[in-house]
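Visitor: Once you've had a glance at the structure underneath, I'll fire off some questions.
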Amino acid sequence: MTGSREWPVWVIWAVLAGASVLGFVLAEGYASPPVAATVAIILAALKIHLVFDQYMEVHWGHRPLRPILGIWLAASTVILLIGYWAA
Amino acid sequence: MREAVQADLASANSQSATDDTIPPGDSGVWVFIIADMCAFALFFVLFAAGRIAQPEVYEASRQQLDGAIGLANTLILLTSGAFMAQAVRAARKGNRAATLSGLGLALGVGLLFGITKAFEWSAKLNQGIGLTTNEFFTYYFVFTGIHFLHFVVGIGVLFALIARVRKFDLDTTQQRWIESGGAYWHMVDLLWIVLFAMLYLMRAA
């Protein structure tokens, strides 16, 4: 289904878990909360992109599904960033 | 019979490998997933609007959450999701044993999420923090509660998939069921990724 774009499952897991730990460590301890929160939100978006692409196996050829998921992810990320920065 | 199933699977997989226009699983599941994710997007809008209106309340409330438990829940769902992805890939290869072990491990690890969530909620309630404490905690309990309902349905789906793989040959129909269940389970995972960032990680300056 995914051809050469398919990554090994545990490589994906390691990237997702590492990004989760990094986001948490930054949010808990990084000196600049705005930078930490922004990076944590962007890391969450990148993780979700990876889940769409590798675990859910939805590719850009899957129209209109993949564009819809992409719009959802972009909108959710912007909503969280506005919720943070406008407060 | 098993050879015929293997040939059927090989043929189907060969076709799907060259057909990059059809997503895995059933189209009805994807309609449900999109609708559900749009509902959660509205939750994110509500939360963002509330945070803009009452930043101090939201930050003080966020500090009362245990980020380590949130991280543990994230890692649990990611690990369960990895086993689910393994099960889907094994099903496509017609490997029944690996499919069953993947589904079983996805279920076993996934159940830990229920335990940690119950622990976290009970700790909050014991501290006197509930649904009506303030707007942040209203959203916290409602959003994580609705997500938990999705998790419970996902656990039921995993049980059903294990029963089907045990009962039936691992043909293209079963493969499609597993792909659909996998897509749903990954949705539970990715919604938690957003909730984790939104509720636990947005530390105010």
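The values are calculated or read from the model by the stated rules, or taken from the named source; none is laboratory data. Not measured: the values here are computed from a predicted model. No Cβ is skipped: glycine too gets one built from the backbone with ideal geometry, and neighbour counts run over all protein chains shown. Just so you know, the surface numbers come from the protein's heavy atoms only, side chains and all, with ligands and any DNA or RNA stripped out. Shrake-Rupley method; radii C 1.70, N 1.55, O 1.52, S 1.80 Å.
Visitor: No solvent, one uniform scatterer per C-alpha: report log10 I(q)/I(0) for chain A via the Debye equation at q = 0.18 1/Å, two decimals.
Guide: Debye curve over Cα of chain A, log10 I(q)/I(0) at q = 0.18 Å⁻¹: -0.85.
Visitor: Using the Karplus curve 6.51 cos²θ - 1.76 cosθ + 1.60 with θ = phi - 60°, what ³J(HN,Hα) values do you get for each residue of region B:102-118, in whole Hz, with x for Gly and Pro?
Guide: Calculated HN-Hα couplings, in order: x, 5, x, 5, 4, 5, x, 5, x, 4, 4, 4, x, 5, 5, 5, 4 Hz.
Visitor: Between B:ASP26 and residues 5 or more places away or on another chain, which pairs have amide H atoms under 5 Å apart, with H built 1.01 Å from N, and which residues are they?
Guide: Sorted by chain and number, the residues that satisfy this are B:SER180.
Visitor: Sorted from largest down, give the three principal axis spans of the alpha carbons of chain B, whole angstrom values.
Guide: Largest first, chain B extends 64, 33, 24 Å along its Cα principal axes.
Visitor: For B:ASP169, what accessible area in Å² do you get when you roll a 1.4 Å probe over the heavy atoms of the protein chains, rounding to the nearest 10?
Guide: 40 Å²
Visitor: For chain B, what is the charge dipole size about the Cα centre, in debye to the nearest 20, if Lys and Arg each add +1 at the Cβ and Asp and Glu each add -1 at the Cβ?
Guide: That gives a dipole near 440 debye.
Visitor: Can you pull the accessible area of B:VAL57 for me, 1.4 Å probe, Å² to the nearest 10?
Guide: Approximately 50 Å² of B:VAL57 is accessible to the 1.4 Å probe.
Visitor: Could you state the angle between the C-alpha long axis of helix B:27-53 and the longest principal axis of the C-alpha atoms of chain B, as a value from 0 to 90 degrees rounded to the nearest 10?
Guide: 10 degrees
Visitor: Counting other Cβ atoms within 10 Å of each Cβ, which chymotrypsin sites (Phe, Trp or Tyr not before Pro) in region A:8-70 have at most 14 and sit in a DSSP loop? Walk me through the numbers on the way to the answer.
Guide: Working: sites: A:TRP10, A:TRP13, A:PHE24, A:TYR30, A:PHE52, A:TYR55, A:TRP60; in loops: A:TYR30, A:TRP60.
Passing both the DSSP loop test and the Cβ count: A:TRP60.
Visitor: Hey, can you grab everything whose amide H is under 5 Å from the amide H of B:ARG203? Only 5+ residues off in sequence or another chain; H modelled, so Pro and N-termini drop out.
Guide: HN-HN under 5 Å from B:ARG203: A:ALA37.
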